[in-house]
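Worksheet: one structure, shown below.
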Amino acid sequence: MANRPFMGGMKVTTSRQMEFLSEILEWKPVPEDTLVYFQERLRYRLHSAILDAFTRRSKERGIKQKDLAVRIHRSSVQINRWLSTASNLTLDSISDLMVGLGMDFDEFPFTPIENTIAPTLADTRARKRPANKEAGI
């Protein structure tokens, strides 16, 4: 596995972002290190959403980790592990935590990847066009 920091660590450079776009949008085979980057990125985002849900429910209802543990039939140690680091999460644990918190991903947005990691190719092309062509001159 590539030693690639993610979200909260070092950011991917713009040139690397463009490589990602090229590999993905041109339907080229996606290199393993790109797949790993996006796996880590999604894992981090899901973990962040769970932490936000836990914080929200803690404030609203005073729920603590031990309360959540009892509610979803897990140990307090397991809940602490899941909330401590994104790497310990599975789809099942994410579901358990969200249900235990009374939260759901009903509106999980899907965004074209070119809009999430770099300016869109259309934006890039528009910036390269001379101003008088855009004005119809």
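Read-outs: derived from the displayed coordinates by stated rules, not from any lab. Everything quoted here is computed from the prediction, not taken from an experiment. Here the Cβ positions follow ideal geometry from the backbone for every residue, glycine too, while neighbour counts run over all protein chains shown.
So the values come out like this:
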quantity: Per-residue HN-Hα couplings for the stretch 34-48 [Karplus 6.51, -1.76, 1.60; θ = phi - 60°; Hz; x = Gly/Pro]; calculated: 5, 4, 4, 4, 6, 4, 5, 5, 5, 4, 4, 5, 5, 4, 4
quantity: Spatial separation of Cα centroids for the stretch 84-108 and the stretch 49-71, in angstrom; calculated: 12
quantity: Protection proxy ranking of 35-41, 95-101 - average other beta-carbon atoms within 10 Å, highest first; calculated: 95-101, 35-41
